[in-house]
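Undergrad: One structure follows; several queries about it will come next.
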Amino acid sequence: MATIYAHTNDGYITRFNQSSWSDARANTAGTSADSTATHNTVSISASRQAARGGGYSFHIYRSFLFFDTSGISGDVSEATLKIRGAGFATGDVIAVKSNSDIETLGTADFGSIVGWNTTTDGSGGGDNESNVTKYSAEISTWSASGYNDIALNSTALANMRDDDKVYICLLNTDYDLRDIAPTGYSTHRNGLYYTNYTGTSRDPYIDYTLATVAEDDAIFFGANF
């Protein structure tokens, strides 16, 4: 088994304190971004919270990270994305394919998800589940005090083999991905640590195993060619 750590330019982008679900989700640009944070307690979230002065405000956070896979040339038989939780653990999470723009993470990369469509009606009309390239199944349990294991699927394994870098977005599944507006006072938030945390004890990383290459040990006796 081998390990690769996320690049130090990992981080999050948010559309924060928006007056409607559409204002929060139907945009390709965020309101703020951070690629130097050591951690964030709401790194992956979709929430509807009480607004100052009355009413509600909507907030979406997406996390982006990428890995140097240039050293992988053979088939990958299995891989697990390891994410150290922090703070909140109340939402469902999925890993999907992002694009190379996130290498220099900024507010313009809020929608930097392969296949993403900003159509939004809050009732599933902008569901992107069939548009994006999924790298994992939906993760319905999250530890806020330990590592979370996200098994990467065959698409991710092939990209690890074929591409020099693998780009990943972690986002909320039930609300952000599927375009379901949270109701009431509703918080669906997951926190995590990033690579800028001191040392590597809480950094995001991928553990992977290369497929065994079969050797041809056949010996031919008395063959006439």
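The values are calculated or read from the model by the stated rules, or taken from the named source; none is laboratory data. The structure displayed is predicted, hence computed values, not measured ones. Glycine also receives a Cβ, built like all others from the backbone with ideal geometry; neighbour counts cover every protein chain displayed. Remember, those area values only see protein heavy atoms, side chains included, never the ligands or the DNA or RNA. Shrake-Rupley method; radii C 1.70, N 1.55, O 1.52, S 1.80 Å.
Undergrad: Return a whole-number percent for the relative contact order of region 1-153, with Cα pairs under 8 Å and 6 or more residues apart as the contact set.
TA: Across region 1-153, relative contact order equals 29 percent.
Undergrad: If you don't mind, another one. Starting at 0 and stepping by 10 Å, how many percent of the alpha carbon pairs of region 63-196 end up in each bin?
TA: Reading upward from the zero bin: 12, 40, 38, 9, 1.
Undergrad: Rounded if a/c is under 1.5, else prolate if a/b beats b/c, else oblate: with a ≥ b ≥ c from the C-alpha gyration tensor eigenvalues square-rooted, which is region 1-87? Could the numbers behind the result be given before it?
TA: On the way: a/c = 2.87, a/b = 2.60, b/c = 1.10.
Prolate, because a/c is 1.5 or more and a/b exceeds b/c.
Undergrad: List the residues, sorted by chain then number, that are 5 or more residues from D75 or on another chain and whose placed amide H is less than 5 Å from its amide H.
TA: The answer is A211.
Undergrad: Give, in nm to one decimal, the length gained when the segment between T133 and S73 is fully stretched (0.36 nm per residue of separation minus the Cα-Cα distance). List each step's numbers first, then the result.
TA: Details: separation 60, 0.36 × 60 = 21.60 nm, distance 2.18 nm.
Gain on stretching T133 to S73: 19.4 nm.
Undergrad: Take M1, M160 and sort them by solvent-accessible surface of the protein heavy atoms, 1.4 Å probe, largest at the top. Write down the numbers at each step before the final one.
TA: Values: M1 165, M160 0 Å².
Result, largest first: M1, M160.
Undergrad: Rg and Dmax in Å for region 149-188, alpha carbons only: what are they?
TA: My reading of the Cα-based Rg and Dmax gives 14.9, 45 Å.
Undergrad: Still on this structure, I have one more. Within region 44-72, which residues have the backbone N less than 16 Å from the label spot 7 Å out from T36 along Cα→beta-carbon, could you tell me?
TA: Of the residues in region 44-72, none has backbone N under 16 Å from the label point off T36.
Undergrad: Okay, helix-only estimate at 222 nm for the chain: each DSSP H run of n ≥ 4 adds -39500 (n - 2.57), divide by all residues, round to 500 deg cm²/dmol; what do you get?
TA: Rounded to the nearest 500, the figure is -1500 deg cm²/dmol.
Undergrad: Taking amide H positions as placed in the peptide plane 1.01 Å from N, state which residues far from F110 in sequence (5 or more) or on other chains have amide H under 5 Å from it.
TA: So F110 has HN proximity to G30.
Undergrad: Please give the net charge around K97, taking every other residue with its beta carbon less than 11 angstrom from that of K97, where Lys and Arg add +1 and Asp and Glu add -1.
TA: With Lys, Arg at +1 and Asp, Glu at -1, the net is 0.
Undergrad: Tell me, how many Å apart are the Cα centres for region 142-183 and for region 61-83?
TA: When both Cα centres are located, 11 Å separates them.
Undergrad: With each label point set 7 Å from Cα along the Cα-Cβ vector, what nm distance links E103 and A29?
TA: Label-label distance for E103 and A29, simple model: 2.3 nm.
Undergrad: Would you compute, for the Cα atoms of the chain, the largest minus smallest coordinate along each principal axis and list the three values in descending order, in whole Å?
TA: 90, 40, 30
Undergrad: Moving on to the next point. When ligands, DNA and RNA are left out and all protein chains stay put, how many square angstrom of accessible area per residue does the chain have with a 1.4 Å probe? Provide the component values of the computation, followed by the final result.
TA: On the way: 10310 Å² over 225 residues.
Ligands and nucleic acids excluded, the figure is 46 Å² per residue.
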